[in-house]
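The values are calculated or read from the model by the stated rules, or taken from the named source; none is laboratory data. Since the structure is predicted, the reported quantities are computational estimates derived from the model, not experimental observations. Glycine also receives a Cβ, built like all others from the backbone with ideal geometry; neighbour counts cover every protein chain displayed.
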There are 2 protein chains.
Amino acid sequence: MSRECNVLVSQSGGPTTVINASLAGVLARSLKEKMINRIYGAEYGIQGVINERLVPLHQIFGGNEERLNQLKLTPSMFLGSCRYRLPHMLEDITDYERIFQIFYKYQIKYFFYIGGNDSMDTVDKLSDYAKQNNIDITIIGIPKTIDNDLVEVDHTPGFGSAAKYIASSILEISHDTYIYNTKTILIVEIMGRNAGWLTASAALARNGYSRAPHLIYLPERVFSVAQFLQDLNKQLKHRQHVIVAVSEGLKDEYGMYVASKNSQIDQFGHVTLSGVGKYLEGIVQREIGCKVRSIELNVLQRCAMHVSSLTDIEEAFALGEYGVEAALMGETAKMVGLYRIANDPYRVSYITIPIHKVANQEKKVPLEWITPEGNDVTEDLIDYLKPLIIGEPFIEFEEGIPKYLKIKTVFEHKQIYQSKV
Amino acid sequence: MSRECNVLVSQSGGPTTVINASLAGVLARSLKEKMINRIYGAEYGIQGVINERLVPLHQIFGGNEERLNQLKLTPSMFLGSCRYRLPHMLEDITDYERIFQIFYKYQIKYFFYIGGNDSMDTVDKLSDYAKQNNIDITIIGIPKTIDNDLVEVDHTPGFGSAAKYIASSILEISHDTYIYNTKTILIVEIMGRNAGWLTASAALARNGYSRAPHLIYLPERVFSVAQFLQDLNKQLKHRQHVIVAVSEGLKDEYGMYVASKNSQIDQFGHVTLSGVGKYLEGIVQREIGCKVRSIELNVLQRCAMHVSSLTDIEEAFALGEYGVEAALMGETAKMVGLYRIANDPYRVSYITIPIHKVANQEKKVPLEWITPEGNDVTEDLIDYLKPLIIGEPFIEFEEGIPKYLKIKTVFEHKQIYQSKV
């Protein structure tokens, strides 16, 4: 009896708005391919492989175009996620043996892992194991991360939508701030602990009449509170409202997180850490004394599908399809990625990169894309960012809230599946 | 020379997503009315009247349907706002004399004030002054407040859009939370210091597969930390992820704000107040010990036009028109408002209410609409809320961010105006 040719796909790391679009891309292309028999999804990333939590995606999505399209427009991760780092092969081989045993049992020929930095480490390690043990399996990484910090690619799926959320929110927050005839400083804290891409994208909020944010601080540059106060005072000389974008990961000259200087203490004397925004708010209150407020943009940065980038969604989907394409062409131990051909009009091509070049690397904002004063980004950086937030998907609403794919579906089908296997 | 018949309109209090829609309604109806010569807008609320900061809205919007439509879909306040409470007439008459002097100078026959509780106090006081001094001027209040706490009306413009933002955000945050196979408690802090309407609207996030938020705590009920922990533990017995909606205004049995028990202390020993969410996060961390996160929904609750309620926008616009209608019919010292005729299909009518019945009152969530356990809302409350978030406006995007009316326009026209007067 000849072996089947099956696909296994899984999602890992932090969620993004478009990680399901990449999953939809893998599914759409795989479902079209006659060579492929079944498509399994592992729940909760690589841990779902280890724990044999596999769901039959071909049953759930096969012949159901509408459901596939809904998956494409559903934020976060349909299959769930994990934050699990495989030990090095030389340290402990248990996980590897288990994973490849599952691959064998389910006749997996192609394994696609959608994730960020840490997930590419998993792809790298599994590829090495397969190679060393002469196992004929294709392993492909499909990138996603709102942080945009993967090397060797122009940008990462998930980033454009997060950038659009940040820019749109700051524009609306600016409308909210401008209304009082009072000197006001507003500090917006943005995600991205080591790389400043997301904070930089706040600059996209600027339009013909609103120049907010007026100051932008990225973690790539040393942050000085004294300079910050000086920058603010300079701004206050010629404008009533100063809106500031700061990265959650700002560090001082000693490499210490600015946020770590802020701690909360409750009535019992217990201490918890609070954000850099709140910390700077306190400083402004004392040192400048005008009206001040800080806002921490929350996890909606990575899951607000209702204000996502169509460019981002389409690219994420296409990368999923391209991953399957590359696998069918015989590539393995690769990450697929985006290469920018041109900016105006914006065009990208899809490429593959040897996985060992990508895993465990981090791409930061180049220092030449930050102004010499360290309180803004350059036009070059804005030109780079602009095309990534263009376009809006049509989001269906039901009873006044977005209609997303119901996660329950998986569990319902899992029942069917488990009774069959 | 006969006197002109002019309109003055202004906005006051905190912003909402649809307060410009009400302004657009006032403008649309006034521009159609042959009896009306000019339409002025006072910048920064009643303070703009006192300081004679008037802009010629008939010049800005007359014959410009497109601009008027853009105003309708622009969040926050086109004319700016103030938080200014008129002194009682018997204490100090200066402001009153100044305001009515400006009314006289600009030949104002109709004054419309769009605002919440405090703004209705202004309408009330100015109406009294006009009556006592036999001044023939019509003064009408047009309601707005995301808090939904005005009495004598079914609900207030601004609330529906805030409720939709809250419900949609909680749905997306839930998608973000469900992905890890780990016990997690997520606390979402929602605006509304005294009235729980906004927090209650979190319940609208529930759909066929996601029951989040699983617990809801309104400020109308005494909050007990012990009961809260008990509720959480009960939830954790049968679900992995517990999402909780809490009002920023929760109070303990002594009437103390729960948030006030939380203070922040920085490296210099300075203390600032933080929210109830962060406070409860700390308690959960210590007492339950599972993964916990708190999110404070920020000012986007009151300005996120990109996910606003079309029902809310249309009602706000219609109330603006109806305010002019009522004024033309000879009504004065009134607030216009919404009366609900039926729920299914949802229908409202527009009414006028004597202003003294509304000013300085506060409508809270009725206790019978909170479950006996005090940790959820009843179906009756959900039925009341549901129609208010229905429908989505078409928001135009430009370069990837929402295209709103450019505030600068006012200032440009003010120049023209000031050179003419």
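Assorted remarks:
- Among (1) more than 18 Å from the chain's Cα centre (by Cα); (2) among the hydroxyl-bearing types (Ser, Thr, Tyr); (3) more than 30 Å from B:Arg302 (Cβ to Cβ) - the single one A:Thr145 does not satisfy: (1)
- One residue stands out among those in region B:279-291 that are touching a residue at least 12 places away in the same chain (Cβ under 8 Å) and over 14 Å from B:Val225 (Cβ atoms): the one that is farthest from the chain's Cα centre (by Cα), which is B:Cys290.
- Any hit, region B:374-393, residues being more than 21 Å from the chain's Cα centre (by Cα) and aromatic (Phe, Trp, Tyr): no
- Restricting A:Glu33, A:Glu43 to residues that are of a type in the set (D, E, K, R), in contact (Cβ under 8 Å) with a residue 40 or more places away in the chain and within 14 Å of another protein chain (Cβ to nearest Cβ) narrows the list to A:Glu43.
- Test: residue in region B:25-37 that is basic (Lys, Arg), at pLDDT 95 or above, closer than 15 Å to B:Val324 by Cβ and in contact with a strand residue (DSSP E or B) (Cβ under 6 Å, 6 or more places away or on another chain): no
- The residue list B:Glu325, B:Glu315 contains one member that is touching a helix residue (DSSP H, G or I) at 6+ places or on another chain (Cβ under 8 Å) and either surrounded by fewer than 20 Cβ atoms within 10 Å (Cβ to Cβ) or more than 28 Å from B:Val9 (Cβ to Cβ) (or both), which is B:Glu325.
- Count of region A:48-76 residues which are closer than 14 Å to A:Val26 by Cα and within 13 Å of chain B (Cβ to nearest Cβ): 1
- All positions within region B:160-211 that are charged (D, E, K, R) and over 19 Å from the mean Cα position of the chain (by Cα): B:Glu172, B:Asp176, B:Lys183, B:Arg206, B:Arg211
Yes or no, residue by residue, for (1) closer than 18 Å to B:Ile19 by Cβ; (2) within 9 Å of chain A (Cβ to nearest Cβ):
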{"site": "B:Lys125", "(1), (2)": "no, no"}
{"site": "B:Thr138", "(1), (2)": "no, no"}
{"site": "B:Glu152", "(1), (2)": "no, no"}
{"site": "B:Phe159", "(1), (2)": "yes, no"}
{"site": "B:Ser174", "(1), (2)": "no, yes"}
{"site": "B:Ser210", "(1), (2)": "no, yes"}
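- Residue in region A:256-275 that is surrounded by fewer than 23 Cβ atoms within 10 Å (Cβ to Cβ), assigned to a helix (DSSP H, G or I), polar (S, T, N, Q) and at pLDDT 95 or above present: no
- Qualifying residue in region A:382-390 (condition: crowded, with 17+ Cβ neighbours inside 10 Å, over 30 Å from A:Ser247 (Cβ atoms) and within 13 Å of another protein chain (Cβ to nearest Cβ)): no
- If only residues of region B:394-421 that are of a type in the set (A, V, I, L, M) and under 22 Å from the mean Cα position of the chain (by Cα) are counted, the one that is modelled with the highest pLDDT is B:Ile395.
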